[in-house]
Amino acid sequence: MIFARKTTTPSPAHAARLIGLGSYLPPQKVSNADFASRLDTTDEWIRTRIGIAERHIADPATATSNLAVEAALRAMKSAEVEHVDTVILATATPDHHVPGTAPLVAHHLGLRQVPAFDLGAGCSGFVYATTVAAGLIHAGTANTVMVIGAEKMSAVIDPADRSTAPIFGDGAGAVVLTAGRVGEPGALGPASWGSDGEHADAIYIPDGGSRRPPRTTDDPKNRHVHMKGNEVFRHAVRRINHVTQEAASAAGWSIRDIDRLIVHQANARISAAVANTLGIPPERVPSNITHVGNTSAASIPLLLSHSAINGELSAGQRVLLASFGAGFTWAATTLVWPSGLQALT
């Protein structure tokens, strides 16, 4: 298979620079024992096959917008800013089909009349959104952008499906990006991204859209996520490997130069397979899937935040973000970790 290289390169004058980082997890934790008590599975199977011990689940009164606001507030505090001029929300679980959730998030943040929009690219959504934000900053259309990845995956998962229910969790992560200079610490490097709609049915919700409106079926299972696990695993490893190499090359790095690979937390075995294939030592590949599960578009910013707080990210390290998700979509970008950035959670 030949992959077409698609990268976006910053203009010489402007880059999107990371200045704020925040995350939020709803307080309720659900352990593997909960699933083992009611599904045909065990704690050992979930830990061994997926790498998850627990995940956070939002209560019924909490929507994706609530999670997004909490993460965004922390990111703004981290950045020491009271205003941003654009809000991009990456999510597969908006509050409603219409309107978009981002304008509501901006409203709750006290941001008046700023452009705000949702971006749907599955688990790749956050890196897609940072790439769009960087483009807006490069063009001079925006100066400071809030990028949020937020999901209430528990709202779209069938609790009786052993193949998906134990995998996903709820949460949100956010970053503040502002105009900076290419090459300075915190500046996002060139992005590599792509998609392959041939595999659109590998991770999807059958009902609810224009293809199959809700009124056309009464089967509740069609309102939940359906996933072809083996197919997703195979493509995820291959695509993440490739997009990681592309983004590293575009930044002028070799694979050996990557100090930290922040990879979407879909499955611990995927992350391990990627690291092994690329020859990246496991200690350079942080992970938090054990405690949060797969949080889709929130995965990358949550892992960034937790890694920063845990001391796994330090000034001067070369960091590569890589993701893969429904669509299929994939995306990666780079940055040198800045000094003085305090992640808040």
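The values are calculated or read from the model by the stated rules, or taken from the named source; none is laboratory data. None of these values were measured; they are calculated from a predicted model. Using ideal geometry, Cβ is built from the backbone for each residue, glycine included, and neighbour counts are taken over all protein chains shown.
Give the residue that is surrounded by the most Cβ atoms within 10 Å (Cβ to Cβ), with candidates limited to residues of the stretch 315-331 that are aromatic (F, W, Y) and assigned to a strand (DSSP E or B).
W330
Tally up the residues in the stretch 78-105 that are surrounded by fewer than 24 Cβ atoms within 10 Å (Cβ to Cβ), under 27 Å from P338 (Cα atoms) and not hydroxyl-bearing (S, T, Y), please.
5
When the residues of the stretch 194-226 are narrowed to those that are among the β-branched types (V, I, T) and over 25 Å from the mean Cα position of the chain (by Cα), which ends up farthest from S163 (Cα to Cα)?
Step by step, filter the stretch 194-226, then rank; the result is T216.
Within the stretch 31-45, take every residue that is of a type in the set (A, V, I, L, M) and without any contact (Cβ under 8 Å) to a residue 60 or more places away in the chain and give me the one that is farthest from R162 (Cα to Cα).
A33
I'd like to verify a number: residues in the stretch 104-120 that are touching a residue at least 40 places away in the same chain (Cβ under 8 Å) and either over 9 Å from V87 (Cα atoms) or aromatic (F, W, Y) (or both), how many?
Count: 2.
Looking at the stretch 257-304 only, could you name the residues that are more than 28 Å from T64 (Cβ to Cβ), hydroxyl-bearing (S, T, Y) and touching a residue at least 60 places away in the same chain (Cβ under 8 Å)?
If the condition is that a residue be more than 28 Å from T64 (Cβ to Cβ), hydroxyl-bearing (S, T, Y) and touching a residue at least 60 places away in the same chain (Cβ under 8 Å), then no residue fits.
If I filter the stretch 100-117 for residues that are in contact with an Asp or Glu (Cβ under 9 Å, 6 or more places away or on another chain) and among the polar types (S, T, N, Q), do I get at least one hit?
Yes, because at least one residue in the stretch 100-117 is in contact with an Asp or Glu (Cβ under 9 Å, 6 or more places away or on another chain) and among the polar types (S, T, N, Q).
(1) buried (at least 21 other Cβ atoms within 10 Å of the Cβ); (2) out of contact with any His (no Cβ under 9 Å at 6 or more places or on another chain): which one isn't true of D170, the others all being true?
Among (1) buried (at least 21 other Cβ atoms within 10 Å of the Cβ); (2) out of contact with any His (no Cβ under 9 Å at 6 or more places or on another chain), D170 violates only (2).
Restricting to the stretch 76-116, count the residues that are closer than 18 Å to T131 by Cβ and of a type in the set (G, A, S).
The number of residues fulfilling the criteria is 4.
Going through E198, E231, E246 one at a time, which residue ends up being farther than 23 Å from A92 by Cβ and acidic (D, E)?
E246
Do you know which residues across the stretch 192-211 are in contact with a helix residue (DSSP H, G or I) (Cβ under 7 Å, 6 or more places away or on another chain) and farther than 25 Å from L321 by Cβ?
I205, P206, D207, G208
For the stretch 48-65, give me each residue that is touching a residue at least 40 places away in the same chain (Cβ under 8 Å) and either under 27 Å from R269 (Cβ atoms) or in contact with a strand residue (DSSP E or B) (Cβ under 6 Å, 6 or more places away or on another chain) (or both).
Selection gives R49, I50, G51, I52, A53, E54, R55, H56, I57, A58, T64.
Here's the yes/no breakdown for (1) within 16 Å of G20 (Cα to Cα); (2) modelled with pLDDT of 95 or more; (3) under 14 Å from the mean Cα position of the chain (by Cα):
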{"site": "P281", "(1), (2), (3)": "no, yes, no"}
{"site": "P286", "(1), (2), (3)": "no, yes, no"}
{"site": "H291", "(1), (2), (3)": "no, yes, no"}
{"site": "P301", "(1), (2), (3)": "yes, yes, yes"}
{"site": "H306", "(1), (2), (3)": "yes, yes, yes"}
{"site": "A315", "(1), (2), (3)": "yes, yes, no"}
{"site": "F324", "(1), (2), (3)": "no, yes, yes"}
{"site": "T333", "(1), (2), (3)": "no, yes, yes"}
{"site": "G340", "(1), (2), (3)": "yes, yes, no"}
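Answer yes or no as to whether A298 is out of contact with any Gly (no Cβ under 8 Å at 6 or more places or on another chain), within 15 Å of G149 (Cβ to Cβ), among the aliphatic types (A, V, I, L, M) and buried (at least 23 other Cβ atoms within 10 Å of the Cβ).
In short, no.
Suppose the filter is buried (at least 20 other Cβ atoms within 10 Å of the Cβ), part of a helix (DSSP H, G or I), under 15 Å from the mean Cα position of the chain (by Cα) and among the β-branched types (V, I, T); does I262 pass it?
no
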